[in-house]
């Protein structure tokens, strides 16, 4: 019987580590600021926004906890989207530009990585749209950071 490979890299490692995520979000936000639909939403983002998002996504995908160590949390990320009133059109354009940038930077395009990466982005952007319709969060400020790996999300959130 063949032994199972126990050295499967994280999505973060497979993508190329922190330089890949920092470059991805830097180039991506250059495009966002040139996009007629998204520019008004991101016009006033802080200079640190690109790096915070890169560190957040990297941490979720198995990278170092730089976002958390910088004082970030899942609760704080949710809070950033409050009252932004994002639409599905915003979400789809955000996704389109990010995936286009990933292709340009030659992030891994194997089906396993892209499936997991796309699944996380779909999940996260849909949560952002939902939260953007509210003025406050009714949640635990200590809620854990999401952790996304190669597998399936495990079923729908039922609120229980």
Query raised in the report: Say we look at the stretch 10-26 and pick out the residues that are within 10 Å of residue 58 (Cβ to Cβ) and touching a residue at least 60 places away in the same chain (Cβ under 8 Å); which of these is surrounded by the fewest Cβ atoms within 10 Å (Cβ to Cβ)?
Result: 10
**Report entry** Unmet requirement for residue 147, which otherwise passes all of (1) surrounded by 12 or more Cβ atoms within 10 Å (Cβ to Cβ); (2) at pLDDT 90 or above
**Finding:** (1)
Requested in this report: Being touching a helix residue (DSSP H, G or I) at 6+ places or on another chain (Cβ under 8 Å) and at pLDDT 95 or above narrows it down to one of 30, 35, 109, 103, so name that one.
Outcome: 35
**Report entry** Any hit, the stretch 68-75, residues being under 24 Å from residue 150 (Cβ atoms) and at pLDDT 90 or above
**Finding:** yes
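For the structure I just gave you, tell me whether residue 81 is at pLDDT 95 or above, buried (at least 18 other Cβ atoms within 10 Å of the Cβ) and in contact with a helix residue (DSSP H, G or I) (Cβ under 8 Å, 6 or more places away or on another chain). Reasoning before the result, please.
Working: at pLDDT 95 or above: no; buried (at least 18 other Cβ atoms within 10 Å of the Cβ): yes; in contact with a helix residue (DSSP H, G or I) (Cβ under 8 Å, 6 or more places away or on another chain): yes.
For residue 81, the condition - at pLDDT 95 or above, buried (at least 18 other Cβ atoms within 10 Å of the Cβ) and in contact with a helix residue (DSSP H, G or I) (Cβ under 8 Å, 6 or more places away or on another chain) - is not met.
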Requested in this report: Answer yes or no: is there a residue in the stretch 35-45 that is farther than 25 Å from residue 135 by Cβ and free of Cβ contacts under 8 Å to residues at least 40 places away in the same chain.
Outcome: yes
**Report entry** Of the criteria (1) more than 27 Å from residue 37 (Cα to Cα); (2) surrounded by fewer than 19 Cβ atoms within 10 Å (Cβ to Cβ), which one residue 67 fails
**Finding:** (2)
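Criterion first (closer than 18 Å to residue 51 by Cα and either in contact with a helix residue (DSSP H, G or I) (Cβ under 6 Å, 6 or more places away or on another chain) or not in a loop (DSSP other than H, G, I, E, B) (or both)) does residue 148 satisfy it? Reasoning before the result, please.
Numbers: closer than 18 Å to residue 51 by Cα: no; either in contact with a helix residue (DSSP H, G or I) (Cβ under 6 Å, 6 or more places away or on another chain) or not in a loop (DSSP other than H, G, I, E, B) (or both): yes.
The answer is no for residue 148.
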**Report entry** Elements of type helices (runs of 4 or more DSSP H) contained in the stretch 42-114, each with 3 or more residues being over 13 Å from the mean Cα position of the chain (by Cα) and farther than 21 Å from residue 136 by Cβ
**Finding:** 66-69, 88-104
Query raised in the report: With (1) within 24 Å of residue 115 (Cβ to Cβ); (2) loosely packed, with under 15 Cβ neighbours inside 10 Å; (3) at pLDDT below 95 as the list, and residue 47 as the residue in question, which single condition is left unmet?
Result: (1)
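The values are calculated or read from the model by the stated rules, or taken from the named source; none is laboratory data. These numbers were taken from a predicted model, which means no experiment stands behind them. Because the Cβ atoms are built from the backbone with ideal geometry, glycine has one as well, and the counts that use them run over all protein chains shown.
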